[in-house]
Every structure is written in structure tokens, then in C-alpha cells.
Amino acid sequence: MMTDEGGDARSARGRRDSYHVGLDTGAVIDAAVELSRGAGLTAWSLRDLAERLGVAPSVIYHHVGGRELLSQHVVERVLALVGLPTRVMPWRQWFREALFPIRPVLAAYPGTARWMLLHGPVLTGLSPVIDAGIASLRRAGFGRNAALACSSLANMAVMTIAAADDRVLHEGDAPRDHAGLIRSLDAVATDSAGISEVSRDLLRQFTGSAQQIEAARDRYYRYVLERLMDGLEAWLEAGMPD
């Protein structure tokens, strides 16, 4: 009986020990990134992640830490997929190379853009990127306003992405949401030339096939950033008055 009990205990210990075999910080982050793809960064809990890995939640804490630190690791891993520029170049070229490619990548992991918006440049891996962006702006003549210009562009980019994420995460499927909004606007469009134009020339771009919707989102995102860069360029040429 004692042998049986000892054998059971050893067997239980063996099962518990096997939970840790091959599991390290990288594997935990890999699983968290995979859970975030499509469903979103906030769609899962540490318990969900632990269940996926076949371990107790305490094992996640042991390897990575709490939920907030794990979210930071996920965002860092997602940004690493982009290949952000770390060399100085003409400022508009730099921001196009930095911000245009991040939209489809962050959009594939909803919630990562909002995390960046709320936490700012706390990701240590971004230091060379931020240094290059600031240096590009300084070389263009932005001087002490380089940080302000950089922050304006980066915040506009992640806010635009986060807003699109919110439509999917909190309002259901975005294409259907746009279709419903168009129907609502059509009911009053006959009495408003402005609303009719918004419905006809803007919102209808975000309906149709998945490819058409994605192209419309990308056009809108680039349009917003290009117009902000136009404004910053005019501000620079005017001597950056207060």
C-alpha cells in the first residue's frame, strides 16, 4: 500500500514536473502572441494562457510575471514583425517607412495599438527607432520641436489603428457595423447634402469584399498621416510659430 501511495506520489510529481519541460519565457510569450492574433490582446486571461500551455497560472508568473508585463512582451514581439527603421533619413520618408507598415501588423493583433497609446514609448527595443526618428526631424530643422512632431505622428497612427480595433472588439463585425451606419444615414440623407456625401463618398468605401475593405482602411490611414505631415511641413516652413 505504501509502495502504491509512493508510486502515485511520484507519478503526480512526474506529471507536475513535465509541465515545465521545454517551457521557457520565449515559449510563454509565443503562446500569448498566438492567443492575441485575431481575437485581441485583451481577449484572454492568464488562466486561458496557462490552460493552453497545460500548466498552472503560477508557472506563467514564474516565467514571465504578471499580465501587464506579459502584454508588454506581446507588443514588443508584434512590433518586431515590422522591421522599424533605425537610420536617419528625410523625415517624411522616415515616418512613411515607420508608420505605414505597422497598420496591418498591429491590426492583426487587436488591442496592441491601444496598449501602445496608453503606455507610450516604454518598450526598450524602440529606443534606436525613436532616436532615428527624432534625429531625422532635427536634421530637417524641427529642433526642440522634434519630440512634439514625432509624438503627434506616432499618436495619430496608433489612435487611428486603435479606433478601428474598437469597432471590431466592442461593436461587432466592422463591415456590418458600417453597413448599419450607412442605412441610418440614408434615412436622413435626403435632407442633408453633407450627410449624403459622407455616406456616398466615405463610408461606402468600408463595405464590400474583405480586400476592398482592407484597401479602404489603408487609404484612410495613409491619408490621415500624409495630411498631418503636410501640416507639420507647413508649420516648419512658417518658422514653427507658437
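The values are calculated or read from the model by the stated rules, or taken from the named source; none is laboratory data. Model, not experiment: these values are computed from the prediction. Neighbour counts run over all protein chains shown; Cβ positions are idealised from the backbone, glycine included. With ligands, DNA and RNA removed, areas are computed over all heavy atoms of the protein, side chains included. Shrake-Rupley method; radii C 1.70, N 1.55, O 1.52, S 1.80 Å.
Semi-axes of the equivalent ellipsoid for region 126-167, computed as √(5λ) from the eigenvalues of its C-alpha gyration tensor and ordered from largest down, come to 25, 11, 6 Å. Using a probe of 1.4 Å on the protein chains alone, the accessible area found for V105 is around 30 Å². Other residues within the sphere of radius under 14 Å centred on the Cβ of T124, judged by their own Cβ, net out at -1 (K and R +1, D and E -1).
Tell me the net charge near I29. Cut-off is 9 Å between Cβ atoms, I29 excluded, with +1 for each Lys or Arg and -1 for each Asp or Glu. Here the charged neighbours net out to -1.
Pairs of Cα atoms nearer than 8 Å and 6+ residues apart set the relative contact order; for region 41-139 it is 32 percent.
Ligands, DNA and RNA left out, the accessible area of region 33-156 computed with a 1.4 Å probe is 56% carbon and sulfur. As a ratio to 2.2 N^0.38 Å, the alpha-carbon radius of gyration computed for region 28-75 takes the value 0.98. Whole-Hz Karplus values for region 98-112 come out as 7, 9, 5, x, 6, 4, x, 6, 5, 5, 6, 10, x, x, 5 Hz, taken residue by residue from phi with 6.51 cos²θ - 1.76 cosθ + 1.60 and θ = phi - 60°; glycine and proline positions read x.
Ranked by solvent-accessible area (1.4 Å probe, protein heavy atoms only, all chains present), the residues Y220, Y109, Y61 order from largest to smallest as Y61, Y220, Y109. Evaluating 6.51 cos²θ - 1.76 cosθ + 1.60 at θ = phi - 60° for every residue in region 23-30, the Karplus couplings come out as 9, 9, 4, x, 5, 5, 5, 4 Hz, glycine and proline recorded as x. Take the Cβ atoms of S58 and R37, set R0 to 30 Å, and the FRET efficiency comes out at 0.75.
Evaluating 6.51 cos²θ - 1.76 cosθ + 1.60 at θ = phi - 60° for every residue in region 55-69, the Karplus couplings come out as 10, 7, x, 4, 5, 4, 4, 4, 7, 10, x, x, 4, 5, 5 Hz, glycine and proline recorded as x.
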